[in-house]
Amino acid sequence: MARHNLGTVVSFEVTRTLKKKQFWLTTLLVPVVIGIVIALIVLSNTSTESKVDSQKDATLRFTYSDASGYIDPAIATAFGGTLAADPDQAIADVKSGASAAYFSYPAEPTKEATTVYGADVGIFDNGKYSSVATQLMVASAQAKIGDQTLTGLARGSFQVDAITYKDGAVSGGILGAVAPLLFLLIFYVVIVMLGNQMLTSTLEEKENRVTEMILTTLNPTTLIMGKIISLFIIGIVQMLVFILPVLVGYLFFRTSLSLPDVDLSQLIVNPGQMVVGALLLIGGFTLFMGTLVAAGAIMPTAKEASQVFGIVMALVFVPLYAVSLVVSDPHALIVQLFTFFPYSAPVTAMLRNGLGSLSPLESGIVIAELFLLGGIVLRLAVQLFRYGSVEYTKRVSLRTVFARSRR
Amino acid sequence: MASSLLSSLDKPDQQAVPRKDSRSETEPLVHISNFRMDFGRTTVIRDLSFDINRGETFGFLGSNGSGKTTTIRALLGIYQPTAGLLHINGKPFSPEDGATLGYLPEERGLYKKESVIDVMTYFGRLKGLSRSNAHSWSLQYLERVALADKAKVRLDKLSGGQQQKVQLGVTIMNDPELLILDEPTKGFDPVNRKLLMDIIEDQKRAGATVLMVTHQMEEVERLCDRIVLLKNGEAEAYGTVEDVQDQYGGTVVRVRYSGEIPDSPHYTVTRRESSYAELTVTGPIDEAVILRELMDAGVTVREFTAGRPSLDDIFVAVYGDQNTGDQNPGDQNAGATAGERNGTAGE
């Protein structure tokens, strides 16, 4: 019966959430915003690139002056440029519309800025002046070097692979940190997106005066587990919706978005780190969700409970203030404190696990602590809900609940 | 016809839960003995004992704040008793036994943002019905209580009375062995009150044991086989309605009259209106003696009947000295109707 009821609770909670318009409005807002941003970037980049490309054929007619002497006149002519006899007159011609643009190259282009003057043709199209001026200088510099490879090397276009060792074995470096740090990302996303829902989901029974009906029909542990599971499912749905536009952007507009071509085969996955990361995630999730359920059972209204949510959020983000110490000196006192204090432990330990500075002993202690305390807090949350949520209009004292449950 | 609605539906999920435990058919369904309940330093129930037999309708009476709701919550495991035994079917209640229980709490409420049919189906599933049975039973019930067109409407769009009908449906949809109704008619108009009483009587005829908390004494007289009166945390009176009536003062004379009713050592005037009075007879005096006394005093008697005191009279006699507005810590929400609390419109 308990398992049947768990399935019923999960089904009810998931279905009713997914049927709500407000859920989809807020959930779809994120991908819509991401989509708009991607579209704007792609549009802007496409416009600039097309202008540069079209410049080769239609050419931008411009004048230029070159105090550096690096600009090759033949290349400049091919780009559509004409050497300006008088810079002031060239600027005046741009102002009057007699000339489309004027580029002023300084004596030392690496130390001073090159100034471009042009007729305003809109936010996106104005980028063509800088692009053409840059391309002209790059092409002239390449021509002076006279060697394609040398030019590439001068521009830093070459790859360096680093192989580092730790305890005699190859260490992953930053590529080894990416995979275990994904657990930290998931933890943040889950807590930020679902925390408030968890806090208010048990309040709903209280605010709707449905607690007595529930407590005589359903084991409170089943109800709370059902709510946690359903929130996790809803969180997965939200994450998929959020990830979709990012995936589309990466797969189809990577060049326009100037995104790096990540070679996943280069990532180093250490099974030990992954197991520790997963356990820290589950333990941390249990502790925080249990805490939020307990707070929901104590507080009479969502408004009062939201104060607790603020404190929990602060505890999640506080370790980030010491992130530089976590990276540079993981044995510093404050880092040790954050590693073992239960509510800052998940974030700090997951960060250190990703960076490879969490020892097996420390991992064991933190995981045991999180699971133990998470279990205690969840049990407490169930007790608070069972003996506290029937107090519909007032905040419940822990002493009262314990007194009732001990008898 | 709620029970017939139920019996017409196949409920395979519930077949494992027998309606009655044949091993203990003669034992009371509810057994409460030496129950004590303290909230901090406040003692709400001192020492309460009573049984409810299978198939009977039992009235649990008391003034506001006397501890009725606290007792029910302790019986259902929502509160842990300070001392004493509170058993249903020979053991403390647990939510796993929920399929045999129908509980309409004093604090009414369901998931207000959800549709009527979704909520009813959900609770039906929790009480062991299959989804299709819970759904079809709910539709038939809504038809009966004239809410068929509200099946897909959100609960918070219904009036307080309509919400109560839905909650009653949720209470009885599992064909409960024990039906606990805490002030079931609160918030109902007379028409819907009659409908509610009909449904309760259907349940009773189908064999359900009913524990009813109410302040409507005419309902108690009409429906209840036995009652207990709770006062100062103890049973002030306990037995059949007739037993309790006998216990409280024997004969009451009801008179319609004109004139001035005189004082007499043979009776006490317990109610006096302009042309109606109730006289509680003191001592073994024949009613004819009282009629003679009235006529001798010049009172014109138009109607003269003698009988047992009403439960209303007994209630006033028992609790008349108490401020019935007091509430105990367990009944901290008593008093407000569902509509008042939830801001919903009345019917």
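The values are calculated or read from the model by the stated rules, or taken from the named source; none is laboratory data. Fair warning: this is a prediction, and the values are worked out from it, not measured in the lab. Note that each Cβ is placed from the backbone with ideal geometry, even for glycine, and that neighbours are counted across all protein chains shown. Please note that ligands, DNA and RNA were not included when accessible areas were found on the heavy atoms of the full protein model with its side chains. Shrake-Rupley method; radii C 1.70, N 1.55, O 1.52, S 1.80 Å.
For the condition touching a strand residue (DSSP E or B) at 6+ places or on another chain (Cβ under 7 Å) and on the phi > 0 side of the Ramachandran plot, what is the one hit in A:G118, A:G80?
A:G80
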Tally the residues that are open to solvent by less than 10 Å² (accessible area, probe 1.4 Å) and either of a type in the set (D, E) or within 8 Å of another protein chain (Cβ to nearest Cβ) (or both), restricting the search to the stretch B:107-121. 5
Can you name every residue in the stretch B:30-45 that is open to solvent by 40 Å² or more (accessible area, probe 1.4 Å) and more than 11 Å from B:A83 (Cβ to Cβ)? B:H31, B:G40, B:R41, B:T42
Only one of (1) closer than 30 Å to B:G40 by Cβ; (2) of a type in the set (A, V, I, L, M, F, W, C); (3) more than 10 Å from chain A (Cβ to nearest Cβ); (4) surrounded by fewer than 23 Cβ atoms within 10 Å (Cβ to Cβ) is not met by B:L61, so which one is it? (4)
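Residue by residue, here is whether (1) more than 10 Å from chain B (Cβ to nearest Cβ); (2) touching a helix residue (DSSP H, G or I) at 6+ places or on another chain (Cβ under 7 Å) holds:
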{"residue": "A:D161", "(1), (2)": "yes, no"}
{"residue": "A:D167", "(1), (2)": "yes, no"}
{"residue": "A:A177", "(1), (2)": "yes, yes"}
{"residue": "A:V190", "(1), (2)": "yes, yes"}
{"residue": "A:T200", "(1), (2)": "yes, yes"}
{"residue": "A:L203", "(1), (2)": "yes, yes"}
{"residue": "A:P220", "(1), (2)": "no, yes"}
{"residue": "A:I233", "(1), (2)": "yes, yes"}
Identity of the residue in the stretch A:368-386, within 14 Å of chain B (Cβ to nearest Cβ) and open to solvent by 10 Å² or more (accessible area, probe 1.4 Å), that ends up modelled with the lowest pLDDT: A:R386
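So how many residues does the stretch A:274-296 have that are of a type in the set (S, T, N, Q) and surrounded by 24 or more Cβ atoms within 10 Å (Cβ to Cβ)?
Within the stretch A:274-296, residues that are of a type in the set (S, T, N, Q) and surrounded by 24 or more Cβ atoms within 10 Å (Cβ to Cβ) number 1.
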For residues that are without any contact (Cβ under 8 Å) to a residue 60 or more places away in the chain and under 16 Å from A:N208 (Cα atoms), tally how many sit in the stretch A:289-325. 1
Residues to consider are B:L147, B:L86; find the one that is hydrophobic (A, V, I, L, M, F, W, C), crowded, with 21+ Cβ neighbours inside 10 Å and more than 10 Å from chain A (Cβ to nearest Cβ). B:L86
Residue under question is B:P92, and the condition is that it be buried (at least 24 other Cβ atoms within 10 Å of the Cβ) and closer than 30 Å to B:D47 by Cα; does it hold? no
Residue identified as touching a Pro at 6+ places or on another chain (Cβ under 7 Å), of a type outside the set (F, W, Y) and within 30 Å of B:K68 (Cβ to Cβ) among B:G102, B:G161: B:G102
Report yes if B:Q80 is polar (S, T, N, Q) and within 27 Å of B:L229 (Cα to Cα), otherwise no. yes
In the stretch A:328-359, how many are more than 18 Å from A:F187 (Cβ to Cβ) and open to solvent by 50 Å² or more (accessible area, probe 1.4 Å)? 6
Filter the stretch A:212-257 down to the residues that are farther than 29 Å from B:R108 by Cβ and over 17 Å from the mean Cα position of the chain (by Cα) and list them by number. A:F232, A:I233, A:V237, A:L251, A:F252, A:F253, A:R254, A:T255, A:S256
Does A:N219 qualify as being buried (at least 16 other Cβ atoms within 10 Å of the Cβ), over 18 Å from A:V382 (Cα atoms) and polar (S, T, N, Q)? no
Here, helices (runs of 4 or more DSSP H) confined to the stretch A:76-155 with at least 1 residues that are more than 42 Å from the chain's Cα centre (by Cα) and either surrounded by fewer than 15 Cβ atoms within 10 Å (Cβ to Cβ) or modelled with pLDDT under 85 (or both) are A:87-96, A:127-145
In the stretch A:156-171, which residues are β-branched (V, I, T) and part of a strand (DSSP E or B)? A:T164, A:V170
For the condition away from every other protein chain (no Cβ under 13 Å) and within 26 Å of the chain's Cα centre (by Cα), what is the one hit in B:P184, B:P176? B:P184
When restricted to A:S405, A:S344, the only residue modelled with pLDDT of 90 or more and hydroxyl-bearing (S, T, Y) is A:S344
Among the residues in the stretch B:139-147, are any within 21 Å of A:L223 (Cα to Cα) and assigned to a loop (DSSP other than H, G, I, E, B)? no
Do we have B:L48 as modelled with pLDDT of 90 or more, buried (at least 23 other Cβ atoms within 10 Å of the Cβ) and under 29 Å from B:N133 (Cα atoms) here? no
Which condition breaks for B:Y257 when tested against (1) under 29 Å from B:D189 (Cα atoms); (2) modelled with pLDDT of 85 or more; (3) of a type outside the set (S, T, N, Q)? (1)
Scanning the stretch B:122-141 for residues that are touching a residue at least 12 places away in the same chain (Cβ under 8 Å), touching a Lys or Arg at 6+ places or on another chain (Cβ under 9 Å) and open to solvent by 10 Å² or more (accessible area, probe 1.4 Å), the one nearest to the other protein chains (Cβ to nearest Cβ) turns out to be B:S130
In the stretch B:202-223, residues that are open to solvent by less than 10 Å² (accessible area, probe 1.4 Å), closer than 19 Å to B:V316 by Cα and not in a helix (DSSP H, G or I) total 2
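Yes/no matrix, rows are residues, columns are (1) aliphatic (A, V, I, L, M); (2) closer than 29 Å to B:I227 by Cβ; (3) exposed (fewer than 13 other Cβ atoms within 10 Å of the Cβ):
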{"site": "B:V241", "(1), (2), (3)": "yes, yes, no"}
{"site": "B:Q247", "(1), (2), (3)": "no, yes, no"}
{"site": "B:S258", "(1), (2), (3)": "no, no, yes"}
{"site": "B:P265", "(1), (2), (3)": "no, no, yes"}
{"site": "B:V269", "(1), (2), (3)": "yes, yes, no"}
{"site": "B:E278", "(1), (2), (3)": "no, yes, no"}
{"site": "B:I290", "(1), (2), (3)": "yes, yes, no"}
{"site": "B:M295", "(1), (2), (3)": "yes, no, no"}
